[in-house]
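Asker: What follows is a single structure, and I will ask about it in a moment.
Just so it is clear, none of the values below were taken in a lab; they were calculated from the coordinates. Keep in mind the model is a prediction, meaning the values are calculated, not measured. In this analysis, Cβ positions are derived from the backbone assuming ideal geometry, glycine residues included, and neighbour counts consider all displayed protein chains.
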Amino acid sequence: MRLIILSEKFYDEYGQCPEILQKKTRPYVCLEVKIRSSTFAIPFRHHIRHKHAFFTCGECGLDYTKAVVIRDKSYISAECPRVEQAEFNALKGMDSRVRKGLADYIALYKKASRYKENRHYANILQCSALQYFEEYI
């Protein structure tokens, strides 16, 4: 796992997708995570108000609902990302918990995709950035 920022090329290809987080003035720092044969970028966020996250400090942490698949190395910027020291410290030694949390969320998303008519899954299907990467998960 390492800290990354998504590149302009990534946003050129996926910028029209409303559930993918983007800021023009200050890009989101993400954690790169590999699960099986796929690489994901999980963004750090503040004010997370749902349980599908790895919390680092209060309502801050890694938001699994906004994770994206990195299909190409050029989707990763050369910029050197930084996060608050407290968040960084909270992640030390937590690699397996972060991976498991993301894997569990992906499994939940796949289940929601199989049962689209179930209204309990509507929010997961609507708000997840994984909807743009279903063929890769």
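Asker: As an exercise, identify the trypsin sites (Lys or Arg not before Pro) in segment 34-137 lying in DSSP coil whose Cβ has no more than 11 other Cβ atoms within 10 Å.
Answerer: 36, 49, 51, 82, 92, 116
Asker: So, one more: Of 30, 127, how do they rank once you tally other Cβ atoms within 10 Å and put the fewest first? Working shown, then result.
Answerer: Numbers: 30 27, 127 15.
Lowest to highest Cβ neighbour count: 127, 30.
Asker: Sticking with this one: Take the alpha-carbon positions of the chain, form their convex hull, and give its projected area averaged over all directions (one quarter of the hull surface) in nm².
Answerer: Result: 8.2 nm².
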